[in-house]
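See structure below.
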Amino acid sequence: MSWAVEEWKEGLSPRVLQKIHELESQVDKLKKERQQRQYQLETLEAALQKQKQKVENEKSEATILKRENQSLMELCDNLEKSKQKISHDLQVKESQVNIQSGQLNSCKKNIERLEQELKR
């Protein structure tokens, strides 16, 4: 089949044949270059898609972390409120203990006084 492709060149001058050969070489070179560029384009598109997917994953992860952070902040607030309530309750109970301790001391003194009176 290649002889049929070359048949049209018969009878052409060597100078024209040289120019044809140069043009054919240039076409082959351009085809190879085009293939390389096409491969580079496909590689870059694949890399771009990979980066887009990575960005989407990171956005998704950031959203999850924001929700988790918000939840933890709410939990901290609730714990702080509980701590304040427990601290207040403790102060109230300490006051009650002090009052009762005072009453106990007063009762002990009363008992001692009454015992002294009984001894007399």
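The values are calculated or read from the model by the stated rules, or taken from the named source; none is laboratory data. In this text, all values refer to a predicted model and were calculated from it rather than measured experimentally. Here the Cβ is made from the backbone with ideal geometry for all residues, glycine too, and neighbour counts use every protein chain on show. Accessible surface is based on the protein model in full, side chains and every heavy atom, while ligands, DNA and RNA are left aside. Shrake-Rupley method; radii C 1.70, N 1.55, O 1.52, S 1.80 Å.
Things worth noting here:
- Accessible surface calculations at 1.4 Å, restricted to protein heavy atoms, place the chain at 98 Å² per residue.
- Of all the options Asn98, Asn57, Asn110, the one that moves most in a Gaussian network model of the chain with Cα springs shorter than 10 angstrom is Asn110.
- For region 58-70, the Karplus equation 6.51 cos²θ - 1.76 cosθ + 1.60, evaluated at θ = phi - 60°, returns couplings of 5, 4, 4, 5, 5, 5, 4, 5, 5, 4, 4, 4, 4 Hz by residue, with Gly and Pro reported as x.
- The heavy atoms of Ser87 offer some 50 square angstrom of accessible surface to a 1.4 angstrom probe.
- Over the chain, the alpha carbon radius of gyration divided by the compact-protein estimate 2.2 N^0.38 Å works out to 3.58.
- Using the rule -39500 (n - 2.57) for each DSSP H run of four or more residues, divided by the residues of the chain, the 222 nm mean residue ellipticity is -35000 deg cm²/dmol.
- Environment charge at Gly102 (Cβ cut-off 14 Å; Lys +1, Arg +1, Asp -1, Glu -1): +1
- Nonpolar atom fraction for the chain, defined as the carbon and sulfur part of the 1.4 Å probe accessible area, stands at 55 percent.
- The aspartates and glutamates within cross-link reach of Lys85, meaning a Cα-to-Cα straight distance under 18 Å and a gap of 8 or more places when in the same chain, are Glu74, Asp77, Glu94.
- Low-density loop cleavage sites - GluC sites (Glu not before Pro) in region 1-108, where at most 10 other Cβ are within 10 Å (DSSP): Glu10
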